[in-house]
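See below for the structure under consideration.
The values are calculated or read from the model by the stated rules, or taken from the named source; none is laboratory data. From a predicted model like this one, the values you see are computed outputs, not experimental measurements. For neighbour counting, all protein chains shown are included, and Cβ atoms are generated from backbone atoms with ideal geometry for every residue, glycine included. These area figures cover heavy atoms from the full protein model, side chains too; ligands, DNA and RNA do not enter into them. Shrake-Rupley method; radii C 1.70, N 1.55, O 1.52, S 1.80 Å.
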Amino acid sequence: MEILACGPRFPILRRMTRLQQLKTHLRPGKVYRREDVAQWSNAVDRHLRQLVEDGTLTKLAGGLYACPRQTVFGKAPAADNELVACFLKDDRFLLASPNAYNGLGVGTTQLYDKTVVYNHKRHGEYALGGRRFDFRMRPAFPRKLSREFLLVDLVNNLDRLAESREELLERVQRQAVSADRPRLLRAARHYGNVRTRKFFERTLTPPERLHAG
């Protein structure tokens, strides 16, 4: 609210404009859909255009906007989890990347420029805020990444990786036998496809039990 000086003892209050009122609802670092902004606006498309023009909001994709945080280095982009949660209108998802396989000790070295989003709603690749996201619908996924999940996920996605399939499987086998066997088997059963489950069951089942079966 602005104050117009009309004498030292009688200030006149000027009401905030609709756009100024709308800005009071926006929080730095948050991502908004058009319908989110519409609840605070009587002319949402005009106000969105003005907010983008004055730098209050950044357009990420059709109907999706970020309110950037100001840092000493400039405007910081929205965090991936904020962006994805708003895009999906759901907080049940897992952010992953094939780059995480590089820390498993199985010889992967490639770097990939997209983030994988395991979720229950969307499937396909989308560009959001200049970043690439590969949305993959899955019936189940953990709440956070673990070494066991990443080993299972790697075998699930062998055909998507640049490295030799046979060499990767040999190295995964070596890592698997020294891993936490119950946790790895549980991850394979919950999150692995049919081929992946069979691979880990063969790898982690003692030979005498295999022959007995």
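Couple of notes before you dig in:
- Dipole of the chain, positive end: most advanced residue of Leu161, Ser97, Val72 [Cβ charges, Cα centre]: Val72
- Take the Kirkwood radius over Cα pairs of region 1-159, plug it into Stokes-Einstein at 10 °C and 1.306 mPa s, and you get 86 µm²/s for translational diffusion.
- In region 42-136, trypsin sites (Lys or Arg not before Pro) in a DSSP loop with at most 13 other beta-carbon atoms within 10 Å: Lys89, Arg92, Lys121
- Nitroxide proxy distance, nm - points 7 Å out along Cα→Cβ at Asp45 and Arg160: 3.7 nm
- Carbon plus sulfur fraction of accessible area for the chain, probe 1.4 Å, in percent: 51 percent
- Whole-number accessible area per residue in Å² for region 88-191, which is evaluated in the context of all protein chains at 1.4 Å: 55 Å²
- Equivalent ellipsoid semi-axes - Cα gyration tensor, region 69-213, angstrom: 33, 17, 13
- GluC sites (Glu not before Pro) lying in DSSP loop within region 115-213, provided at most 16 other Cβ fall within 10 Å: Glu163
- Net charge over other residues, Cβ less than 11 angstrom from the Cβ of Thr108 (K, R count +1; D, E count -1): -1
- Computed on protein heavy atoms with a 1.4 Å probe, the accessible areas place Phe135, Phe141 in the order Phe141, Phe135, largest first.
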